[in-house]
Every structure is written in C-alpha cells, then in structure tokens.
Amino acid sequence: MHILAISGSLRATSSNTTLLKAAAALAPAGVAIALYDRLGDLPHFNPDLDDIERGIAPPAVLAFRALLNQADGVLICSPEYAHGVPGTLKNALDWVVSSGELLGKPVALLKASRATYAHAALKETLSVILAQIVDEEWLSIPLPGNRVDLAGLLAHAEIPALLGHAMAAFVHTIHAGRSETSS
C-alpha cells in the first residue's frame, strides 16, 4: 500500500513535516508512506496552463497528479496561518479540483493539535473536491511544543502509540474502502 504524505509547511524544520516523517516510521508493515516535498515547486494555479483533456499542464503539476494517482491514500498535515490553510497547500489542491485525482480517494488530515481553523478549511476544500475524508479524532496528535525533531517524537512517551494507532486505523479504512468497492 502506498500513501502520499503532504505537509502544508515549506519550513525545513516544520513540526508538521516531522510528524509525517514519524508517521512513515511507524507505518504498519507493508505500507509505504512517501513524503511529497515539492509543494513549493508548483506554479501558481492558472487554468490557462491546464488542458486536462490533452494532458497538458506544467511539469511539476503533472508529476504531482501522477503521485496522487498512484497513492492508495493521502495523509495531509498542515500548519495554520492567520486562521487558514497555507497558500502553497491550497494552491496544490486547486491544481487537482478539475483533474480529479482526489475524487473518492481516502484522505486523512493529521492534526498537530493547533490547526483548528486550517483543519476545518481543508475539510471544506477536500469535500468540494469529493475526496473521501477520514474524519476521526484519532488523527489529532498533541505535539510537545513548536520545535520538535523526529528522534524526539519517536522517543516521546505517548506520541508513537497515538501515531501508530492513527496510521493503523487509516490503513484499515483504506482496506475497508477497497473491500466495499470490489464487492
């Protein structure tokens, strides 16, 4: 199983990106979680550059869409800026509104405990795109502070168990969705 992880932060030391890296380290056996780290490479959304019928779009957009198509599920963790979603993450989602890569795709929003408004805004955008939003409380992970590193998260007394449970539950949700589709 392949899960694409997307951090809404471009910061090299982002706690959201670190949380996704920890999720990848704690993923169940047989599950590969790949971190998409090219969010900043996507051009500003411009419908004039996008001819979906002919498969024409900027190369970075085509590559992003291909990764989404290959993924069995998508895991997003995002900071909140001014009560909203960072522009780079919203821009990425704008590029897939019409092309449909997230249509019916299981998407989990991993919440690093402080992104209340951004979380709600992401849910709204993803519902318009018709993604299958996994809306569970187990996806909220209380981080011990603003500056966390991978070793610190993995050594924390509670976070590995919470995150491991969240990843196992997300994988179960993806499997359950596959079973419903095939029956």
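Quick notes on this structure:
- Residues that are more than 14 Å from residue 89 (Cα to Cα) and under 11 Å from the mean Cα position of the chain (by Cα) occur in the stretch 20-30; there is at least one.
- Restricting the search to strands (runs of 3 or more DSSP E) fully inside the stretch 1-118 and requiring at least 2 residues that are of a type in the set (A, V, I, L, M, F, W, C) and under 18 Å from residue 135 (Cβ atoms) gives 2-7, 73-77, 106-110.
- Within the stretch 1-19, being at pLDDT 95 or above and either of a type in the set (D, E, K, R) or farther than 17 Å from residue 88 by Cβ (or both) holds for 1, 2, 3.
- Of all the residues in the stretch 146-164, those that are in contact with a Ser or Thr (Cβ under 8 Å, 6 or more places away or on another chain) and among the charged types (D, E, K, R) number 2.
- Residues (assigned to a loop (DSSP other than H, G, I, E, B) and buried (at least 18 other Cβ atoms within 10 Å of the Cβ)) located in the stretch 119-151: 131, 141, 143, 148
- Residue 97 vs. criteria farther than 23 Å from residue 161 by Cβ, at pLDDT 95 or above and either of a type outside the set (Val, Ile, Thr) or surrounded by fewer than 19 Cβ atoms within 10 Å (Cβ to Cβ) (or both): yes
The values are calculated or read from the model by the stated rules, or taken from the named source; none is laboratory data. Not measured: the values here are computed from a predicted model. Every residue, glycine as well, gets a Cβ built from its backbone with ideal geometry; the counts of neighbours run over all protein chains shown.
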